[in-house]
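Just below is one structure, and these are the notes that go with it.
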Amino acid sequence: MRVTKLALTNFRSYPHLELEFPAGPITFVGNNGSGKTNIVESLIYLAYLSSHRVANNQPLISLGADQAIIRAEIESQNRTLQVDLEINATKTNRARINGNPVKSQREILGALQIIYFSPEDLDLVRGDPTHRRDFLDKLLITQSPRLAGVISDYERVVKQRNTLLKTRAPESSLIPWTEQLISYGAQLSAERIKLVDDLNPYVAANYENLNEVKPASISYKSSTDNLSADIAHNAEMLTQRQIEVARQEQDRGVSLIGPHRDDLHLQLGDFPAKGYASHGESWSMAISLRIGAYNLLKSEGAEPVLILDDIFAELDTTRRQQLTSVTQMAKQTFITAAVESDLPAELLSEKFYVKPGVVTK
């Protein structure tokens, strides 16, 4: 898979931008704040329908504009797709595939598969569980775009159920939302558990390749005991647990069971990575998670585009070499850097220089 063309209209700092890309590594070089990350952010948004930097659409739209447009031409498995996405701040986004409107923007998920790595990935190790759940869910969507609907529906149900709990709604009003929470939660938990089981060996191997002493592993930590990759079993366990915490939920006004309360546990040797890992070990774990995700997708026959956003300046020689080696597996890699000398020579074959609002070769 590779992106052959990208056009942006009123996206971030670009009123209008058109670029063409070959296969292989593509590097954007420019000062901090020049707009390098804005370019790769548009590709990330196209892949996940969300930004890795902001929670809502308004900052993505140029000041004074009503909408932003991302248009990409994507070559995959000997066919070419043109994907257009219209981003709106106050109404639903609209999308087209090969010029034809689609009913929901979610229909474009899967057209572009991406694994990205950025300085914010330290939050995967040091941050709160939200970052790790988001990592798992985005990888699930990359594997199977239909799961975006399950995740969206689950989040909607939790939000509505919490509203009812806070207003002390009668039990009869809660029942249908509790049933949906358990149904969607059982599915999402099962998918996450299977994903973590599949991903764990790749994370362990990549961490070992970084010459780290302690062994690394990952596991799924649920707020409900004894969950598995079996949906029916999970539904039974969640139902039992919900009965146990029902009074607490009423008292606290919040849903206390389900995958929104779960976490991805990262282990280094005998200790959890969070709170115990050194700065270097934290980077190694973050790298191992991202490269492991890439390895897993490759093992399943996918060819995701790799994005390395302003990351080389943060890493030592060994970790830079590990990232450089994964670019050799990727059909296409997008790299951003403030200083050209931070990058290995083999990643500088196709260079773009970025200044505010302008990109030149």
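The values are calculated or read from the model by the stated rules, or taken from the named source; none is laboratory data. These numbers come from a predicted model, not from an experiment. Virtual Cβ from ideal backbone geometry, glycine too; neighbours counted across all protein chains shown. With ligands, DNA and RNA removed, areas are computed over all heavy atoms of the protein, side chains included. Shrake-Rupley method; radii C 1.70, N 1.55, O 1.52, S 1.80 Å.
Some points to look at:
- Restricting attention to the stretch 117-158, the residues being in contact with a Lys or Arg (Cβ under 9 Å, 6 or more places away or on another chain), open to solvent by less than 50 Å² (accessible area, probe 1.4 Å) and of a type in the set (D, E, K, R) number 3.
- Residue match in the stretch 39-60 (condition: of a type in the set (Gly, Ala, Ser) and over 21 Å from the mean Cα position of the chain (by Cα)): no
- The stretch 208-227, residues that are loosely packed, with under 15 Cβ neighbours inside 10 Å, free of Cβ contacts under 8 Å to residues at least 60 places away in the same chain and more than 21 Å from the chain's Cα centre (by Cα): Val213, Pro215, Asp225, Asn226
- The selection criterion, being in contact with a strand residue (DSSP E or B) (Cβ under 9 Å, 6 or more places away or on another chain), surrounded by 20 or more Cβ atoms within 10 Å (Cβ to Cβ), among the polar types (S, T, N, Q) and part of a helix (DSSP H, G or I), does not hold for Asn234.
- Any hit, the stretch 36-54, residues being among the charged types (D, E, K, R) and farther than 22 Å from Leu343 by Cα: yes
- Filter result for Asp128 (acidic (Asp, Glu) and farther than 30 Å from Ser278 by Cα): no
- Checking each residue in the stretch 261-283 for being under 22 Å from Gln321 (Cα atoms) and open to solvent by 30 Å² or more (accessible area, probe 1.4 Å) picks out Ser278, His279.
- Test result for Arg132, assigned to a helix (DSSP H, G or I), touching a strand residue (DSSP E or B) at 6+ places or on another chain (Cβ under 6 Å) and under 28 Å from Ala186 (Cβ atoms): yes
- Only one of the listed residues (Ala47, Ala72, Ala55, Ala65) is part of a strand (DSSP E or B) and either open to solvent by 20 Å² or more (accessible area, probe 1.4 Å) or not polar (S, T, N, Q) (or both). That residue is Ala72.
- Among the residues of the stretch 351-361, the ones that are surrounded by 15 or more Cβ atoms within 10 Å (Cβ to Cβ) and of a type outside the set (Val, Ile, Thr) come to 4 in all.
- Contacts under 8 angstrom Cβ, first residue in the stretch 157-183 being in a helix (DSSP H, G or I), partner open to solvent by less than 70 Å² (accessible area, probe 1.4 Å) and among the charged types (D, E, K, R), 6 or more apart: Leu165/Glu249; Leu174/Arg161; Trp177/Arg161; Thr178/Arg161; Gln180/Asp153; Leu181/Arg161
- Looking only at residues in the stretch 328-350 that are assigned to a strand (DSSP E or B) and in contact with a Lys or Arg (Cβ under 7 Å, 6 or more places away or on another chain), the one that is surrounded by the fewest Cβ atoms within 10 Å (Cβ to Cβ) is Gln332.
- The conditions of being buried (at least 20 other Cβ atoms within 10 Å of the Cβ), touching a strand residue (DSSP E or B) at 6+ places or on another chain (Cβ under 9 Å) and either in contact (Cβ under 8 Å) with a residue 60 or more places away in the chain or assigned to a helix (DSSP H, G or I) (or both) are met by Leu323.
- Selection count where residues are in a loop (DSSP other than H, G, I, E, B) and open to solvent by less than 10 Å² (accessible area, probe 1.4 Å), scope the stretch 284-314: 2
- Residue among Ile39, Ile26 that is open to solvent by less than 40 Å² (accessible area, probe 1.4 Å) and outside any strand (DSSP E or B): Ile39
- Scanning the stretch 82-93 for residues that are open to solvent by 30 Å² or more (accessible area, probe 1.4 Å) and either at pLDDT below 95 or part of a loop (DSSP other than H, G, I, E, B) (or both) returns Ala89, Thr90, Lys91, Thr92.
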